[in-house]
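J.: Supplied in structure tokens, the structure appears directly below.
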Amino acid sequence: MSQISLTFPDGNKCDFAAGVTAAEVAAAIAPSLGKAAISASLDGKHWDLQWPITGDARIAINTMKDDAAALELIRHDLAHVMARAVQKLWPEVKVTIGPVVENGWYYDFDRDEPFTPEDLGLIEKEMKAIINARDPVKTEVWDRSRAIAHYVAKNEPFKVELIEAIPGDEPLRMYWHGHWQDLCRGPHLQHTGQLPADAFKLMSVAGAYWRGDHRNKQLQRIYGVAFKNRDDLKAYLTMLEEAAKRDHRKLGREMELFHLQEEAPGMVFWHPNGWTIYRTLMEYMGRRLRRADYREIKTPQVVDRVLWERSGHWEAYRENMFIVEVDEEGAKEKRINALKPMNCPCHVQVYNQGLKSYRDLPLRLAEFGSCHRYESSGSMHGLMRVRGFTQDDAHIFCTEDQIEAECAKFIALLSSVYRDLGFDKFDIKLSTRPEVRIGSDETWDKVEGALTKAIEKLGLPYEINPGDGAFYGPKLDFKLTDAIGREWQCGTFQVDPNLPDRLGAEYVGEDGAKHRPYMLHRAILGSFERFIGILIENYAGKLPFWLAPRQVVVASIVSDADDYVNEVVAKLKDAGLRAEADTRNEKINYKVREHSVGKVPVILAIGMKEVEERTVSLRRLGETQTESLPLDQALRDLVAEATPPDQR
Ligand SMILES: [Zn+2]
Ligand SMILES: [Zn+2]
């Protein structure tokens, strides 16, 4: 028998007989590894321990310590185990497909009766029994005709249809979890006992059409989540609970911030409270940008397709653009315009007005640019994914030599803004040159080097996404972590020599000749809409005082205090605070409860004692204690607290 050479992660090589399985390789290294093994990586491909290895390769044996492999297998094997459990409980149910998804898996079943929450409990119990039985997982390769005959005999029409839809006549892989069989590419675990019986949960049932087509039969999709251990599952479920409490759509209603409606899908109707947050954030960003030597501009919403053709968006992005056709006077044809999906081409138009010299660079043009992008209705989600939004956009026009310094300045600004807004932790990802690209390797080396040096000089950690850059340049993505550990990608920094070239931007260099500038696309928040959604969820609605739309409610305890209440409100307003009076004839506890739901950070309660002493009784959101303060002192304290972080 021929020999093959396998290379291990430590560089050691070892010869094996061709056809050896990864399980045999693992056992040969150490019997304990043979037991602990869950799968292998063969030349980077996830490899089932039972599959034969027929040629030289790099191999690594995976155990439960290898998170990515472990989670994929746990979730995938559980899909099979769940289908087996369902057919054990209800043998008439037909099985279809069951892929791994984020945090878990789903499986689509054809059953006349709907699955109830009680059914999910029964299925979970049966799954645990299968796990405890430690049933071996076996795999075989069958040819198509045998597989089809098998499923016809078993009356599994969906499986027959699946096989018939696979092109060619390659043999098919079958898997058994104990006696229960499914068509599957694999890989899988060695036996069901490798699954953690206490780290999964069936979450929900939803309708789903067979093969995602509404003309097909409607199936029932059961979702499950799974992790490596009980603690991870618990942490995930707690996070879900916490996220539901913080849902910005729910808080948006309770705080009267915004609404969405059918007639304008994905476009936000901002109410006074929500718009106050928006304006406050926008003014803050405006000050930060001005101080960082950006110049603010404003460019048109509706732009002729000719410009989008020149910029390349018409070809690459047409499906996501809102088109506006106009019967222009005297024109034979309709004039076709698009609502801008991004601001970049318009910024080059501003740059192109008038001759630029190297002395004008770097030129930083900022716009709170209102953009529209067509997103499918299924992908939209509150403020987090919308069709109409405003970016905190800017483009820096500069020379190649200026990229590093601009990148460093940008990251410093971004981290300071994130800190001001309450996010101390963010991750940086550097996406480097892809396979298909323009520009010389020398240029790529230089530009990627500039970004790397900028990050490293700031002493920040970063990860590399090899090959994930745009075809014309590398980019940085900035992901912040919120209060419950969720990550949100917000900031970007992208190096682009391409658009200035397409749109003919140039500058006169020191040598007197014309050169192309680079264009750096950058955003810190991403969009105001989404960022406000993130802020609301991060703070669970309890926004920092300077951002809170309603800062102070002055509430009367008795109607005789009304005059003083109005005087206090007037003083607060004069000092620039957002204050309102509540002199309704209601109990003070009722008023406090209502304003707590509205997430008003400070309530000043006023009774006759306060009127006589010219004090206020200050109560903070979420606290039961009140503090009695002289009016003047309360005013001073609140004004200081309301000062935005960049003005303190
Ligand atoms: Zn499978
Ligand atoms: Zn841009």
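Every number here is computed from the coordinates shown, using simple stated rules; none is lab data. Remember, it's a predicted structure, so these values are computed and weren't measured experimentally. Neighbour counts run over all protein chains shown; Cβ positions are idealised from the backbone, glycine included.
J.: Only one residue in 81, 20, 86, 93 is closer than 27 Å to residue 239 by Cα and in contact with a helix residue (DSSP H, G or I) (Cβ under 9 Å, 6 or more places away or on another chain). Which one?
T.: When all the criteria are applied, what remains is 81.
J.: Working only within segment 443-479, note down all residues that are without any contact (Cβ under 8 Å) to a residue 12 or more places away in the chain and either assigned to a loop (DSSP other than H, G, I, E, B) or at positive phi (or both).
T.: Answer for segment 443-479, where residues must be without any contact (Cβ under 8 Å) to a residue 12 or more places away in the chain and either assigned to a loop (DSSP other than H, G, I, E, B) or at positive phi (or both): just 459.
J.: Taking the condition of being within 16 Å of ligand 2 (Cβ to nearest atom), part of a helix (DSSP H, G or I) and surrounded by 11 or more Cβ atoms within 10 Å (Cβ to Cβ), how many residues in segment 315-354 meet it?
T.: Number of matching residues: 11.
J.: Are any residues in segment 201-224 surrounded by 17 or more Cβ atoms within 10 Å (Cβ to Cβ) and either out of contact with any Asp or Glu (no Cβ under 8 Å at 6 or more places or on another chain) or among the β-branched types (Val, Ile, Thr) (or both), and if so, which ones?
T.: 205, 222, 223, 224, listed by residue number.
J.: A further question on this structure: So residue 564 ticks every box in (1) under 44 Å from the mean Cα position of the chain (by Cα); (2) assigned to a helix (DSSP H, G or I) but one. Which box is left unticked?
T.: It fails just one condition, (1).
J.: Shifting gears a bit: Is there any pair linking a residue in segment 301-313 that is among the acidic types (Asp, Glu) to one that is surrounded by fewer than 18 Cβ atoms within 10 Å (Cβ to Cβ) and part of a strand (DSSP E or B), with Cβ under 8 Å and at least six apart or on different chains, and which?
T.: 304/335; 304/336
J.: With respect to residue 162, determine if the residue is surrounded by 14 or more Cβ atoms within 10 Å (Cβ to Cβ) and within 14 Å of ligand 1 (Cβ to nearest atom). Step through it out loud before you land on a result.
T.: Details: surrounded by 14 or more Cβ atoms within 10 Å (Cβ to Cβ): yes; within 14 Å of ligand 1 (Cβ to nearest atom): yes.
Yes.
J.: Sticking with this structure for a sec: Residues in segment 34-75 that are in contact with a Gly (Cβ under 8 Å, 6 or more places away or on another chain) and within 14 Å of ligand 1 (Cβ to nearest atom): how many?
T.: Counting residues in segment 34-75 that are in contact with a Gly (Cβ under 8 Å, 6 or more places away or on another chain) and within 14 Å of ligand 1 (Cβ to nearest atom) gives 3.
J.: Oh, and also: Hey, can you tell me all the residues within segment 504-522 that are touching a residue at least 12 places away in the same chain (Cβ under 8 Å) and either surrounded by fewer than 20 Cβ atoms within 10 Å (Cβ to Cβ) or among the β-branched types (Val, Ile, Thr) (or both)?
T.: Those that are touching a residue at least 12 places away in the same chain (Cβ under 8 Å) and either surrounded by fewer than 20 Cβ atoms within 10 Å (Cβ to Cβ) or among the β-branched types (Val, Ile, Thr) (or both): 504, 506, 508, 509, 510, 515, 516.
J.: Pull out all pairs, ordered by first then second residue, where Cβ-Cβ is under 9 Å, the residues are six or more apart or on different chains, the first lies in segment 356-367 and is over 8 Å from residue 395 (Cα atoms), and the second is among the acidic types (Asp, Glu) and assigned to a helix (DSSP H, G or I).
T.: Listed by first residue and then by second, the contacts come to 362/406.
J.: Within segment 163-186, is there a residue that is within 25 Å of residue 131 (Cα to Cα), more than 38 Å from the chain's Cα centre (by Cα), small (Gly, Ala, Ser) and away from ligand 2 (no atom under 16 Å from the Cβ)? Break it down stepwise before answering.
T.: Filtering segment 163-186 down to residues within 25 Å of residue 131 (Cα to Cα) leaves 173-186.
Filter again for more than 38 Å from the chain's Cα centre (by Cα), leaving 178-179.
Next cut, small (Gly, Ala, Ser) only: 178.
So of that shortlist, the ones also away from ligand 2 (no atom under 16 Å from the Cβ) come out as 178.
Yes, segment 163-186 contains a residue that is within 25 Å of residue 131 (Cα to Cα), more than 38 Å from the chain's Cα centre (by Cα), small (Gly, Ala, Ser) and away from ligand 2 (no atom under 16 Å from the Cβ).
J.: With the checklist (1) within 16 Å of ligand 2 (Cβ to nearest atom); (2) surrounded by 15 or more Cβ atoms within 10 Å (Cβ to Cβ) in hand, flag the one item residue 471 doesn't pass.
T.: (2)
J.: For residues that are in contact with a helix residue (DSSP H, G or I) (Cβ under 7 Å, 6 or more places away or on another chain) and of a type outside the set (A, V, I, L, M), scanning just segment 469-485, find the one that is nearest to ligand 1 (Cβ to nearest atom).
T.: 485
J.: Across segment 179-200, what is the total count of residues that are surrounded by fewer than 17 Cβ atoms within 10 Å (Cβ to Cβ) and closer than 26 Å to residue 115 by Cβ?
T.: Within segment 179-200, residues that are surrounded by fewer than 17 Cβ atoms within 10 Å (Cβ to Cβ) and closer than 26 Å to residue 115 by Cβ number 3.
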